[in-house]
Each structure stands twice: as C-alpha cells, then as structure tokens.
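S.K.: Pasting a structure below so you can have a look.
The values are calculated or read from the model by the stated rules, or taken from the named source; none is laboratory data. Everything numeric here is computed off the predicted structure, so don't read it as measured data. As a convention, Cβ positions derive from the backbone with ideal geometry for all residues, glycine included, and neighbour counts pool all protein chains shown. Side chains are part of the model used for accessible areas, which takes the heavy atoms of the whole protein and leaves out ligands, DNA and RNA. Shrake-Rupley method; radii C 1.70, N 1.55, O 1.52, S 1.80 Å.
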Amino acid sequence: MQANQTVSLSNSPRHHDSESLLDSVPTLPANQLDLIALQAGELSAVTLTVAAGECIVIAGASGSGKSRLLRAIADLDPWPGSDDVAFATGSARLMLAGIDHYQYSGAEWRHRVAYVAADSQWWFDDVGSHFSIKPAVEQLQALGLNADILQQPVSRLSSGERQRLALLRALVQQPQVLLLDEPTASLDPGATLAVEHLLAAYRIRHQAAVIWVSHDAAQARRVGQRRFRLDRGFLEEQDNDPVMHQDQESGP
C-alpha cells in the first residue's frame, strides 16, 4: 500500500499480561494522529492515521526520509501546508483529535506531540536541569538508571544513558503522541527490552499514538501493531502477520 492510501487501525494481538488493562481502557479519540497528503522533503504525500493506543513502526534505508517525516510531524521542519496560510491554498493536513496543528502554538503542539531524536540534545551542564518535571525513582529504575543520575554532569553520561534519559525527559511531559527515532540504537539487549516494556506500558496507560523508527525487524514485530517501509519516497505498509507484542501493564 502506498502513501496516498488512507490507513486504518487493524486488530492487533495482545500480550496476555496486558489483556485486562487493554480491555479496561477505552480508546481516546483525543490522541488520534492524522496525516493527510503530508509531504516532507522528497517524500511523496503521506496519508496515515495512527489511532490512540497504537504503535506503528517505520523502517527504511538510511537517508530515505524517516527522520525528516518525524520532524515534519513534530513541526520542527517546514512542509507544504505547515502554516495556516499555506493550508488555505493546499490539501495537506496534520491533525490531532481532528484539530489542525496550526491551531496550536508551536510549543503546545510539541508538548502534545513529542519527538525523541536518535541523537539527543543537552544544553545544561547537569542532567537534572533538563527535566522540568522530575521523574520518579521507579521510572529511572525501570530503565536501569540510578536515582542519583540526575545530579551527574551530562559529560559523564554514556551514549546509552543519554538515550534513555532523553526518552524519559519526553515521557514525564505525558505527550499524546510519541515520535521515536531509533530510541534503542545505543542500547544493549537488556536495556532495549526495558525501554520497549516502558514504552508499551506508557502507550497503553495513556492511550498514546506512537510512531517508532527502527532498523531492527525483530523489534518491529515486538512493538508494532502495524509495520511500514519508507522506500523511494513512498510509505508502504508491510505484511502484518500476527505476533506477540510487549504490551505490559507495569510502568508509568
């Protein structure tokens, strides 16, 4: 299926430990993300719906435009129709809960639609100053981080610690949509699974819509309800055979 086809939510298999939680939490339209004919760079117009509580995974060769697409959705890079003037003369739309993105301020949109880059940015000397909301000890421990890491200088962090903390920095803001650009690229297998479980718990509990970029086919099958490939400018849905997903009840 190419990008000019509207994509709808399909039924997905669920982990047995999370069935009761999934059944008890209703789908919230407020967290549905809609892209209509959105173009970013060399990408063909992308039309896509990511439902509340759904995670889709996007793969593709380096340089295919995956990060550019996420940045356009986060309103970090301009695209045709990315302001109200352009929208009035074009067909491209980007909506959260049916409300066009330009009706939000840039800061408000990015608070609701959080982009976690593969290479996180740090602008203060110490870790804690980057958190407007202090994470709970349980959240840090869930990612294998010690509570005192917030007092450490950023210069002492490993690449894996930076990646996990950047993710937690986004999660404590409780965004409605998560745009994840290879969030486990710097992590070992154990830390990767910890991140996957934490994100599954957040997605279920908050009914967040998630777009996850990953080059790991096994990971894509674990975390995604639907899987796509970005190839030669087109976003195409892959065969989505039933798999066991890591939908976990525990976590923030």
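S.K.: May I ask you to work out the translational diffusion coefficient for the range 86-143 at 10 °C, viscosity 1.306 mPa s, via Stokes-Einstein with Rh from the Kirkwood sum over Cα pairs, reported in whole µm²/s?
M.R.: Once the numbers are plugged in, D ends up at 107 µm²/s.
S.K.: Can I get the semi-axes of the range 46-201's equivalent ellipsoid? Compute them from the C-alpha gyration tensor as square roots of 5 times the eigenvalues, in angstrom, largest first.
M.R.: So the three semi-axes of the range 46-201 are 30, 17, 15 Å.
S.K.: Considering only C-alpha atoms, what is the centroid distance from the range 164-205 to the range 130-158, in Å?
M.R.: Comparing the Cα centres of the range 164-205 and the range 130-158, I get a distance of 14 Å.
S.K.: Same structure, new question: Using only C-alpha atoms and all pairs of different ones, pull out the Kirkwood radius for the range 116-252 in Å with one decimal.
M.R.: 15.7 Å
S.K.: Still on this model: For the pair LEU76 and ALA185, what calculated FRET efficiency results from E = 1/(1 + (r/R0)^6), where r is the Cβ-Cβ distance and R0 = 22 Å, to the nearest 0.05?
M.R.: 0.70
S.K.: Subtract the Cα-Cα distance of GLN103 and PHE124 from 0.36 nm times their separation in residues, and report this length gain in nm to one decimal.
M.R.: 4.4 nm
S.K.: Using only alpha-carbon positions, what ratio does the radius of gyration of the range 125-194 give when scaled by 2.2 N^0.38 Å?
M.R.: With N residues counted in the range 125-194, Rg over 2.2 N^0.38 Å equals 1.05.
S.K.: Considering only protein heavy atoms and a 1.4 Å probe, what is the carbon-and-sulfur percentage of the accessible area of the range 148-241?
M.R.: 44 percent
S.K.: Moving to a separate point now. Under 14 Å from the Cβ of ASP126, count the other residues' Cβ atoms, weight Lys and Arg +1, Asp and Glu -1, and hand me the total.
M.R.: +1
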